[in-house]
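These notes are about the structure you will find just below.
The values are calculated or read from the model by the stated rules, or taken from the named source; none is laboratory data. Being a predicted model, the structure only gives us computed values, none of them experimental. As a convention, Cβ positions derive from the backbone with ideal geometry for all residues, glycine included, and neighbour counts pool all protein chains shown. Accessible surface areas use protein heavy atoms only, side chains included; no ligands, DNA or RNA. Shrake-Rupley method; radii C 1.70, N 1.55, O 1.52, S 1.80 Å.
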Amino acid sequence: MTILFLLLSPALFALFLIIRFQLCTSRRRYLVDTYGVDSKKLRKLSCKEVSKLRKQIQEMKAKDDAYGLESVIKPYRP
């Protein structure tokens, strides 16, 4: 049983990393498609920073604050 676990653990870890990478790219793609953000500028950000940016955008959207939304998105536009 232990040998089986040792053989499967790298595969499970690789699967975890692939899923995490896909989630991160999906968040970036959403921001590029929806708000016209430059994908090259988003590549420089980590996954946590992209998630934080998306949460800030959602908060501004919920408040109906157009100026706040523009100020959050503007540094990432081309």
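Count of the stretch 43-78 residues, restricted to those that are touching a residue at least 24 places away in the same chain (Cβ under 8 Å) and in contact with an Asp or Glu (Cβ under 9 Å, 6 or more places away or on another chain), is 3.
Looking only at the stretch 1-51, residues that are part of a loop (DSSP other than H, G, I, E, B) and over 30 Å from residue 69 (Cβ atoms) come to 1 in all. Within the stretch 18-33, residues that are within 11 Å of residue 50 (Cβ to Cβ) have Cβ atoms under 8 Å from residues that are in a helix (DSSP H, G or I) and open to solvent by 90 Å² or more (accessible area, probe 1.4 Å) in these pairs: 28/43, counting only partners at least 6 apart in sequence or on another chain.
Yes or no, residue by residue, for (1) at pLDDT 95 or above; (2) at positive phi; (3) surrounded by 13 or more Cβ atoms within 10 Å (Cβ to Cβ); (4) not aromatic (Phe, Trp, Tyr):
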| position | (1), (2), (3), (4) |
| --- | --- |
| 3 | no, no, no, yes |
| 11 | no, no, no, yes |
| 25 | no, no, yes, yes |
| 34 | no, no, no, yes |
| 46 | no, no, no, yes |
| 64 | no, yes, no, yes |
| 68 | no, no, yes, yes |
| 73 | no, no, yes, yes |
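Would you check if residue 54 is in contact with a Ser or Thr (Cβ under 7 Å, 6 or more places away or on another chain), surrounded by 11 or more Cβ atoms within 10 Å (Cβ to Cβ) and assigned to a helix (DSSP H, G or I)?
For residue 54, the condition - in contact with a Ser or Thr (Cβ under 7 Å, 6 or more places away or on another chain), surrounded by 11 or more Cβ atoms within 10 Å (Cβ to Cβ) and assigned to a helix (DSSP H, G or I) - is not met.
How about the stretch 63-78: which of its residues are assigned to a helix (DSSP H, G or I) and not basic (Lys, Arg)? If the condition is that a residue be assigned to a helix (DSSP H, G or I) and not basic (Lys, Arg), then 66, 67, 68, 69, 70, 71, 72, 73, 75, 76 are the ones that fit.
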